[in-house]
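J.: Following this message is one structure expressed as structure tokens.
The values are calculated or read from the model by the stated rules, or taken from the named source; none is laboratory data. Since the model is a prediction, treat every value here as computed from it, not as a measurement. Counting neighbours? That spans all protein chains shown, and the Cβs are built from the backbone with ideal geometry, glycine included. We work out accessible area using only protein heavy atoms, side chains counted, and drop any ligands, DNA or RNA first. Shrake-Rupley method; radii C 1.70, N 1.55, O 1.52, S 1.80 Å.
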Amino acid sequence: MKSGDRLGHLLGPRLGRRFGWLWGAYGTSALGTWLAFGAFPLIAIRVLHAGPAEVSALSSVGAAVGAAVAVPLGPWVEFRRKRPVLIAMDLVRFGALLTIPAAFVLGVLTFLQLLLVSVVVAAADISFRAASGAYLKTLLPAEDLLVANARFESTAWTTTIIGPPLGGAAIGLLGPVATVAADAVSYLLSALGIRATGGHEPLPERREVARMRAGDLLDGWRYILADETLRPLLFNTALFNGLVMASQPLLAVLMLGQLGFAPWQYGLAFAAPSIGGLFGSRLARPLVTRFGQHQVLVVVGALRAIWPVGLAFLGPGTGGLLLVMGVELGLIFCCGVFNPVYATYRLERTATDRVARTLSAWTVTTKASTALLTAVWGVLGVLVGPRTAIGLAGVLLLATPLLRPRRAAASLAEPEPTSNRA
């Protein structure tokens, strides 16, 4: 096989102009998000002189309330054309974030405004994810979904590598408010990119009951819990993501406090290993082609769980830094393979007329569980120390492979969407 053929086999087929615009929009907004990474806490601390309790509330309460606000939006999104919803959610995030630099310039910025903006952005994020999954399923045929999700995953890790260093430099030169403005503009550019996808999107069939009932809010969860493969997959991802994220603040305390690592070393320990996610996402499709979707989910899902426990043995100096980088590299590589495969599997197992509600319920669950576990592990860190709490999270993560689909499941029998390639 020629080198060009090998590269084409690795990257996958061309997915058309419309997907190209959608992919570009995703990359633009992802880069903006990582440019502004950590900007809200910095604004709260440096500009508004907030204390630790307020800074913690900004991330945990904002995300939790945003998730609650997004619950009724799942059924609302389901019965509307998805492209206008995507554009609207981008414009909502653009407008909400732009109020922060505007208030800063006018000298009227408050902590309450930061909190409200974080709630609005979190709710819009969840609705955008729900609509984007449904839109992608109608935009591409089923055989191209894994290629598309792998490209989104590789883009996410690429922006993770380049965004924070650029954002850090911008914060040093212009302050954290400038990066929030850049993030706002990225959502405007994303909205323009999604608008440029064009094409005709049919209006989803409306329900017989025009008015939404309270029980409709639970449709997404009912659908997931009734499916023998989606149910364990939700429990697996919610627990895995929650435990990984819950240990991150404690790891920061351990590295930057007790072990005396410099801030640049802490940043390097997480930025450099992100290259593993880029390579892992590129390998997802070839691995599925060779071994099968279910086998990749089972094996890589187990492999990603073994790495975090190593952080309990973190020590000072170069050896400790290399340990963190090695653990993160292995973890991120496995996630880079797992994430697009699981995202594709989830879309294939979800009926087209249920995707928005299902993805909304899924995201609300994972965000809420992450917020809860982060709070619990914060208390554990105080009671038993950050190292022990990190080790406990690692041990529990070893059990997460038990929460996964036991056997392969066939895709749902429904008509294939018409390819919209240009």
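J.: Quick check: pseudo-label points 7 Å beyond the Cα along Cα→Cβ at Gln113 and Leu192, how many nm apart are they?
T.: 2.6
J.: Using 0.36 nm per residue, how much length does the chain from Arg14 to Ala169 gain when fully extended, once their Cα-Cα distance is taken away?
T.: Length gained, Arg14 through Ala169: 52.3 nm.
J.: Find the centroid of the Cα atoms in the stretch 154-170 and in the stretch 271-304, then give the distance between the two in whole Å.
T.: 22
J.: Under a plain spin-label model, where a point goes 7 Å from the Cα along Cα-to-Cβ, how far apart in nm are Ala302 and Leu322?
T.: Taking the simple label geometry, Ala302 and Leu322 are separated by 3.0 nm.
J.: How large is the charge dipole for the stretch 320-414, taken about the Cα centre, if only the Cβ atoms of Lys, Arg (+1) and Asp, Glu (-1) carry charge, to the nearest 20 debye?
T.: Computed about the Cα centre, the dipole is about 220 debye.
J.: While we're looking at this one, here's another question. Convert each backbone phi in the stretch 170-187 into a coupling constant with the Karplus relation 6.51 cos²θ - 1.76 cosθ + 1.60 (shift: θ = phi - 60°), then list the ³J(HN,Hα) values in order as whole Hz, x for Gly and Pro.
T.: Running phi through 6.51 cos²θ - 1.76 cosθ + 1.60 with θ = phi - 60° gives 5, 5, x, 8, 10, x, x, 5, 5, 6, 5, 4, 5, 5, 4, 5, 4, 6 Hz.
J.: As a test of the formula, what do you get for the chain when each DSSP H run with n ≥ 4 contributes -39,500 (n - 2.57) and the sum is divided by the residue count, at 222 nm and rounded to the nearest 500 deg cm²/dmol?
T.: Rounded to the nearest 500, it is -24500 deg cm²/dmol.
J.: Send over the per residue convex hull volume for the stretch 287-370, Cα only, as a whole number of Å³.
T.: It is 106 Å³ per residue.
J.: So, one more: Quick check: Cα centre of the stretch 212-270 to Cα centre of the stretch 171-192, how many Å?
T.: About 26 Å separates the Cα centre of the stretch 212-270 from the one of the stretch 171-192.
J.: Leaving ligands, DNA and RNA out of it, report the carbon-plus-sulfur percent of the accessible area of the chain at a 1.4 Å probe.
T.: 69
J.: Exposed loop GluC sites (Glu not before Pro) only (DSSP loop, at most 13 other Cβ atoms within 10 Å): please give the longest stretch of the chain free of them, not including the sites.
T.: 1-204
J.: Taking a quarter of the surface of the Cα convex hull of the stretch 215-293, what do you get in nm²?
T.: 8.4
J.: A further question on this structure: Sort Arg81, Arg285 from largest to smallest accessible area, using a 1.4 Å probe on the heavy atoms of the protein chains.
T.: Per-residue accessible area, sorted high to low, gives Arg81, Arg285.
J.: Also, I was wondering about something else. Can you tell which of Val185, Val105, Val61 shows the greatest fluctuation in a Gaussian network model of the chain with Cα springs below 10 Å?
T.: The residue with the greatest mean-square fluctuation here is Val105.
J.: Rank-order 349-359, 92-102 by packing density, defined as the average count of other C-beta atoms within 10 Å over each peptide's residues, highest first.
T.: 349-359, 92-102
J.: Rounded to the nearest 20 Debye, what is the dipole magnitude of the chain about its Cα centre when Lys and Arg each give +1 and Asp and Glu each give -1 at the C-beta?
T.: For this selection, approximately 640 debye.
J.: Pick out which of Leu31, Leu146, Leu402 has the largest mean-square fluctuation in a Gaussian network model of the chain, springs linking Cα atoms closer than 10 Å.
T.: Leu402
J.: Using a 7 Å offset from Cα along Cα-Cβ at Leu218, what residues in the stretch 62-81 end up with backbone N under 16 Å from the label point?
T.: Answer for the stretch 62-81: 71-72, 75.
J.: Could you give the size of the charge dipole of the stretch 32-138 about its Cα centre, using +1 on the Cβ of each K and R and -1 on the Cβ of each D and E, expressed in debye and rounded to the nearest 20?
T.: For the stretch 32-138, the charge dipole is close to 420 debye.
J.: Moving on to the next point. Against the empirical 2.2 N^0.38 Å scaling, what ratio does the C-alpha Rg of the stretch 245-330 come to?
T.: Its radius of gyration relative to the 2.2 N^0.38 Å reference: 1.27.
J.: Turning to a different aspect of this structure: Figure the gain on full extension for Ala399 and Leu372 (residue separation times 0.36 nm, minus the Cα-Cα span) and round it to one decimal in nm.
T.: 7.8 nm
J.: What FRET efficiency comes out for Ala226 versus Ile45 if R0 is 41 angstrom and r is the Cβ-Cβ distance? Round to the nearest 0.05.
T.: 0.35
J.: Now for a separate question. Could you tell me which chymotrypsin sites (Phe, Trp or Tyr not before Pro) in the stretch 252-292 are loop residues by DSSP with no more than 10 other beta carbons within 10 angstrom of their beta carbon?
T.: Nothing satisfies the criteria.
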